[in-house]
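Please treat every number below as a calculation from the coordinates, not as lab data. This one's a predicted model, so the numbers in the text were calculated from it and none came from an experiment. Here the Cβ positions follow ideal geometry from the backbone for every residue, glycine too, while neighbour counts run over all protein chains shown.
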Amino acid sequence: MKILKLTAENFKKLSAVEITPDGNVVMITGKNEAGKSSVLDAIEVALCGGRMPKKPIKDGEVRGKVEVDMGEYKVTRKFFGATSTLTVETTGETKSKISSPQAFLDKIVGSLSFDPLAFLKKTPADQRNTLMDFLGLNLQEFEDKILSIKAQRSEVRRDKERALHKAESITTTPNVPPQEISSDSLLAELKAIQLHNEECQKIATENAVNYQKQQAVLEDISAAKKAIEDWKKRLTALEAQERDLAKLLHRESETSAIKKNSAEVEAKLKSLEATNAAIRKNAQKKEAIAEADKCAEEYSRLGDEIKIVENQKAKKLAETPMPVKGLSILPDGLAFNGIPLEQECDSMKLKICVAIAMALNPKLKVLRINGNEFDNDSLKVIGELVAEKDYQIWIEKVADDNTIGFYIEDGYLGR
């Protein structure tokens, strides 16, 4: 749909204007404050009630009206005091009124109706959001998933740093066993040595006693020899006794020779706690390093997961048809042929925004711009763009004579 005729009475600075466009480009010209903007505003107010001006009725008047004939439908908005009414009716043989006129218009009027410069003036992020809303493209699921994984990744990085810090704070001791040493085995060994040494001491004591006994027996033998004849029987017995004692003395001597030294085990016991403390520190550092390595692996895995989600997001973007060839969606804006839109030259940005505005207004094929911001070459490019897609663009531009377009003078149509 396009505008076939626009009629405005007592609207803003307009007294009575009726315009019937005859091409794709509708130039609204006139001097400053003549009412040019009121013409374009009349279209916008008629179709988009939410953009109503604070004072729609011309000074000195109590009523106003705007009518837009779009062929199949005629839109009429009337103003009286601070109120307005809206009527949308079909124009066929059987005329009928639309029951919910504004809701009907909202369906056919795009989000960028009339003014592609509104899109150009948006921030890159708002341009991106506007286009994504039009395309029905919701990437929030991917964004939320990436944020969630990044949060996990940050926590893993902190765990890794804590583990490395812990490992660096632990001083290790070289040349100690990997496992802590139990004191039970050393205590058992020490006890065995003590028992052995006690036995040796006991034998030594007995040896001294037996030595004294041996001396007494030898003295007895000496005395007995003086009376050999009388003591032969006794001598035999004593000699036998002496031989037994000699055997005992020989055994005690051998036992004393292998007496064990407990000093080494006692020294080990004294240093046992220090050794085990060093072993524990070595084990703690090993565990901390292992934990840091584990965190590094998890961090890397989460990084791979982010890449997967970003690839899924990129695939969805790549599979979504863009309204303009070469247009793509960046994380923080839009790009044209790979170059951020805000980096394009003004003429190229204008072309792109006009093309986007046409794509985002597929039902009502009407655009509006303030032509005072552009030179004639740029306006010519815009005219060629809308003609190619059979759109209609209303352009307001300051002019001192009535030779161009529809000339507005003091609220009236000049020709």
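For the chain, what's the relative contact order in percent, using C-alpha pairs closer than 8 Å and at least 6 residues apart?
Relative contact order of the chain: 31 percent.
Pairs Lys270/Lys294; Lys285/Lys313; Lys58/Lys380; Lys107/Lys389: which are spaced more than 30 Å apart, C-alpha to C-alpha? Walk me through the numbers before you get to the answer.
Working: Lys270/Lys294 38 Å; Lys285/Lys313 42 Å; Lys58/Lys380 33 Å; Lys107/Lys389 21 Å.
In this structure, Lys270/Lys294; Lys285/Lys313; Lys58/Lys380 lie more than 30 Å apart at Cα.
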Can you give me the relative contact order of the stretch 139-319 as a percent, contacts being Cα pairs under 8 Å and 6 or more apart? 56
What is the Cα centroid distance between the stretch 258-323 and the stretch 135-193, reported in whole angstrom? 4
Could you work out the per residue convex hull volume over the alpha carbons of the chain, in cubic angstrom? 266
In whole percent, the Cα-Cα distances of the stretch 172-274 spread across 5 Å bins from 0 upward as 2, 10, 15, 12, 10, 9, 8, 7, 6, 5, 5, 4, 3, 2, 1, 1, 0
Shape parameters for the stretch 63-133, alpha-carbon atoms, Rg then Dmax in Å: 16.0, 47
Which loop GluC sites (Glu not before Pro) in the stretch 20-61, with loop taken from DSSP, have no more than 14 other Cβ atoms within 10 angstrom of their Cβ? Glu33, Glu61
Spatially proximal lysines relative to Lys122 (Cα-Cα < 18 Å; intrachain offsets below 8 disregarded): Lys349, Lys351
So if each residue of separation counts as 0.36 nm, and I subtract the Cα-Cα distance between Glu305 and Lys202, what length gain in nm does that give? 29.3 nm
Just want the ordering: Cys353, Cys345, from fewest to most Cβ atoms lying within 10 Å of their own Cβ. Cys345, Cys353
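Give the shape of the stretch 1-131 as rounded, prolate or oblate, defined through the alpha-carbon gyration tensor: a ≥ b ≥ c are the square roots of its eigenvalues, a/c under 1.5 means rounded, and otherwise the shape is prolate if a/b is larger than b/c and oblate if not.
Details: a/c = 1.41, a/b = 1.11, b/c = 1.27.
Rounded.
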How many percent of the alpha carbon pairs in the stretch 139-319 exceed a separation of 26 Å? 68
Taking 0.36 nm per residue of separation and subtracting the Cα-Cα distance, what length does fully extending Ala151 through Asp133 add? 3.8 nm
Taking the Cβ-Cβ separation of Phe142 and Asp106 as r and a Förster radius of 25 Å, what is the calculated FRET efficiency to the nearest 0.05? 0.25
Qualifying aspartates and glutamates (Cα of each under 13 Å from Cα of Lys2; at least 8 residues distant if same chain): Asp22, Asp69, Glu72, Asp390
Expressed in angstrom and rounded, the centroid-to-centroid distance over alpha carbons for the stretch 1-62 and the stretch 348-380 is 19
Could you give the length gained on full extension between Lys31 and Ile289, defined as 0.36 nm per residue of separation minus the Cα-Cα distance, in nm? 85.0 nm
May I ask you to list the lysines whose Cα is less than 16 Å away from that of Lys202, ignoring any residue fewer than eight positions away on the same chain? Lys259, Lys260
